[in-house]
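Notes to accompany the following structure.
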Amino acid sequence: MRYFFLVVALVMNAGANILLKMGSKTAKALPTDAGLMDKTMNFLNPLTIAAIVLFAANILAYRKALDAFQLSIAYPIMVSGGLVLVTAAAWALPIFREEITLVQLVGIVLIAIGIWLVTMPLAAAR
């Protein structure tokens, strides 16, 4: 149960970033003379609003996770785990179709090793 809120926060943060990018890709091109209301409604499309909600929920889950983890352990897991999830989604989802280079793949493997090394003190404390 200790890891639950950290994993939930990580997934929500990654999901929010993915939705934010999807919202920006699906926004309509507006004429340069578009009014403020048109620009605001275009910016705040349903995907962007969902991303904002997920970011807010992420903060609540992450705050709860910090009750159980040192910041020096929780934050690297959040950042690096999120990077791995977002990169995988950017590669796998048809809306993005991003390529992953060999250098990026090696970097992701090194990040995964880094997550393991950062969490080793948790395993030793048991």
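Rule-based calculations on the coordinates, nothing more; no lab input. All values derive from a computational prediction rather than experimental measurement. FYI the Cβ positions are ideal-geometry reconstructions off the backbone, even for glycines, and counts take in every protein chain you see.
Pairing each residue of region 73-95 that is on the phi > 0 side of the Ramachandran plot with any residue that is part of a helix (DSSP H, G or I) and surrounded by fewer than 14 Cβ atoms within 10 Å (Cβ to Cβ), provided the two are 6+ apart or on different chains, yields no C-beta distance under 7 Å. Residue count for region 96-123 satisfying the condition of being touching a residue at least 40 places away in the same chain (Cβ under 8 Å) and part of a helix (DSSP H, G or I): 4.
The residues of region 84-118 that are closer than 20 Å to V7 by Cα and either of a type in the set (V, I, T) or touching a strand residue (DSSP E or B) at 6+ places or on another chain (Cβ under 7 Å) (or both), listed by number, are V84, V86, T87, I108, V109, I111, I113, I115, V118.
From the residues in region 2-14 that are in contact (Cβ under 8 Å) with a residue 60 or more places away in the chain and under 23 Å from A90 (Cβ atoms), which one is surrounded by the fewest Cβ atoms within 10 Å (Cβ to Cβ)? The residue in question is V11. Give the residues of region 49-90 that are more than 14 Å from the chain's Cα centre (by Cα) and assigned to a helix (DSSP H, G or I), sorted by residue number. Within region 49-90, I49, L60, R63, K64, A65, L66, D67, A68, L71, S72, I73, A74 meet the criteria.
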